[in-house]
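A short worksheet on the structure shown next.
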Amino acid sequence: MTDSVEPSTSSSAEDPNPSPNPNSLIHPRREPFEHGLLPIPKLIFSDPTQTLAPLKQKLAASSSTLRVDTASLVESLQISIDHARLVLDTLASVLHSESDPLARAKPDEIDFVGADLRDLILFLYIQSYKKLLPRAHKDSASVADVWPSTSAFDGYLSALSPLQLVRSNSRRFMPSQADEEAHQLSYLQKHLANIVSLLAEPAEGEGEESLVLSMEGFEHLGFLIQFGDKGSEGVPLSQATPFFANSDPDMPAVPVPAAQVHDWLLQNIASALESISERMSAKENGPSSGSDQDVAMADACTSSNKASPSARGPSFIEGISKSSYVKQASDLKGSSVKVINCHDSVIYILAPLRYATIYGCSDATIILGAVGKAVRIEHCERVHVIAAAKRACIANCRECVFFLGVNQRPLMVGDNHKLQVAPYNTFYSQLEEHMAEVGIEATINRWDEPLALGAVDPHDSLSHPAGVSDTQAESAARLDPDQFTNFLIPNWFGGDPGSTKDNPFPLPDVYMASQQRNQKNLGEIKQLLKEASLEENRKRELSCAIHVYFKDWLYASGNIRQLYCLQGD
């Protein structure tokens, strides 16, 4: 099985497989593919099975607990301590099991808690995954994940700005959910034989030729796949299968032949791909849906059809232009959000989240409440992002400022230019409750320790200029303290019971001093105006002049639109 990378979908007559569950389709877990890929050359193998099989054996022999800590990663993968920590941090953020010690570990415990060996092997395997290109494709499921590839056009495309780069494709920004799901399922279909073999063990007394999969080993496939529409909140993976669903909880389940598991999963993947194809065909012949992420941009203020949540997957906020937009926890279905193709707007998402993605936005301010797993900001220009998050990844952005409260080092990848980072600078009444709910610690803020990886993302075919594969991504500069200001979130919902009265992340001394200096200057100006010995008509003239200048600033900065939109809400 380990030699095959393109398995057949047929099953043998001697080994009949249970038919796929008609009531519950298989889905790829999107999180590892969207938030778990690292452009570290030493983690990307041309033949993952040949490399990872002996690595698994070596690590299993050296650990009685089947857990791999930072020191073992450094030694076995020959990577730096920073990269080893990044592997564990990233894996922790995309794990399928919240009960795993790595998922529950505090930031200073991750080095020693380590990763389950089987989860680590699957994480390393999918580093060979290649993202779906942001372009139209009639048969997305057949798009090959060739590794690696270069193009004569790559050098030209990489010279464009992030938004020009995306707009140079025929499709509008991101592929649809269905496109991406089909692409991920096709990748799993192609590599399933190898993946199953890496989780399997030789049958007792039958040698290497006969591999079996225990129920525990099968559960680790939950890192990559899931059944039903509730995602990681659904039933355990083994309970959705005919192999282990009726196992006695007090007795160890009998291992199942790996080939039987493999063939059954292939049938399920084929059924899921067929279902996606039928759904996409029906959508092409019927009215368009907002959840396909192809909603046209509108210049109006907030409207009810802008966010398109679904039972499974993220809520979408797309195409907001020249307006203000507010979402609270009660407005969102699910624990993930994607903000896509928004321009010249202010977007408030004041909710506890697991994952957040900001993609293809420009000239906007985006405030994220509390993101407990990971936030990814990609292909953005002149955007201010204010986020409290466990970890943040910034890719292919230009002239953006990030006001961060993050427990892990911000990750800079791809073709970034003129980025700045600053400490977190706002609050709303429920912020601390939301942070506690998703596990963000206000006492740890590593906003000023960005970690830059490769300028070329090997998972993305759009960023493959020849000869620069080893170039380090541009890091981010610290925002000048004199340019640092607090961002005020209006209290639209006055009755909200919240305990947060101030920014929960302590400000560094230099930023605090600058802030106090600005407040002192403002106070002195107010006092001078108050004490100015002017006649009443002069005071009125001064007041009118101040209002005129303020109004001019509102119009010039575009903030007048925010006032009108919020007033309309």
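The values are calculated or read from the model by the stated rules, or taken from the named source; none is laboratory data. Because the structure is predicted, anything quoted here is derived from the model rather than measured. Backbone-built Cβ (ideal geometry, glycine too); neighbour counts: all protein chains shown. Just the protein is used for accessible areas: all its heavy atoms, side chains included, with ligands, DNA and RNA removed. Shrake-Rupley method; radii C 1.70, N 1.55, O 1.52, S 1.80 Å.
Quick one: how many residues across segment 81-99 are in contact (Cβ under 8 Å) with a residue 60 or more places away in the chain, part of a helix (DSSP H, G or I) and either under 18 Å from residue 125 (Cβ atoms) or open to solvent by 40 Å² or more (accessible area, probe 1.4 Å) (or both)?
5
On the basis of being over 21 Å from residue 131 (Cα atoms) and open to solvent by less than 10 Å² (accessible area, probe 1.4 Å), does residue 410 make the cut? Break it down stepwise before answering.
Details: over 21 Å from residue 131 (Cα atoms): yes; open to solvent by less than 10 Å² (accessible area, probe 1.4 Å): yes.
So residue 410 passes the test.
With the structure loaded, tell me whether residue 47 is on the phi < 0 side of the Ramachandran plot, out of contact with any strand residue (DSSP E or B) (no Cβ under 7 Å at 6 or more places or on another chain) and open to solvent by 30 Å² or more (accessible area, probe 1.4 Å) or whether it fails that test.
yes
Can you pull out every residue in segment 529-553 that is in a loop (DSSP other than H, G, I, E, B) and open to solvent by less than 90 Å² (accessible area, probe 1.4 Å)? So that I can check it myself, show each step before the final result.
Residues of segment 529-553 in a loop (DSSP other than H, G, I, E, B): 532-535.
Correct list: 532, 534.
Looking only at segment 295-326, count how many residues are open to solvent by 20 Å² or more (accessible area, probe 1.4 Å) and modelled with pLDDT of 85 or more.
2
Looking at residue 161 and the list (1) open to solvent by 10 Å² or more (accessible area, probe 1.4 Å); (2) among the small types (Gly, Ala, Ser); (3) modelled with pLDDT of 60 or more, which single condition is not satisfied?
(3)
Residue by residue through segment 327-344, note down the ones that are open to solvent by 30 Å² or more (accessible area, probe 1.4 Å) and not polar (S, T, N, Q).
327, 329, 331, 333, 334, 344
Going by the conditions given, is residue 514 over 26 Å from residue 326 (Cα atoms), assigned to a loop (DSSP other than H, G, I, E, B), of a type in the set (S, T, N, Q) and without any contact (Cβ under 8 Å) to a residue 60 or more places away in the chain?
Against the criterion (over 26 Å from residue 326 (Cα atoms), assigned to a loop (DSSP other than H, G, I, E, B), of a type in the set (S, T, N, Q) and without any contact (Cβ under 8 Å) to a residue 60 or more places away in the chain), residue 514 does not qualify.
Given the conditions (1) open to solvent by 40 Å² or more (accessible area, probe 1.4 Å); (2) modelled with pLDDT of 50 or more; (3) touching a helix residue (DSSP H, G or I) at 6+ places or on another chain (Cβ under 7 Å), and given that residue 265 satisfies all but one, which numbered condition is not satisfied?
(1)
Which ones in segment 54-80 are open to solvent by 40 Å² or more (accessible area, probe 1.4 Å) and outside any helix (DSSP H, G or I)?
Answer for segment 54-80, where residues must be open to solvent by 40 Å² or more (accessible area, probe 1.4 Å) and outside any helix (DSSP H, G or I): 64, 65, 66, 67, 69, 78, 80.
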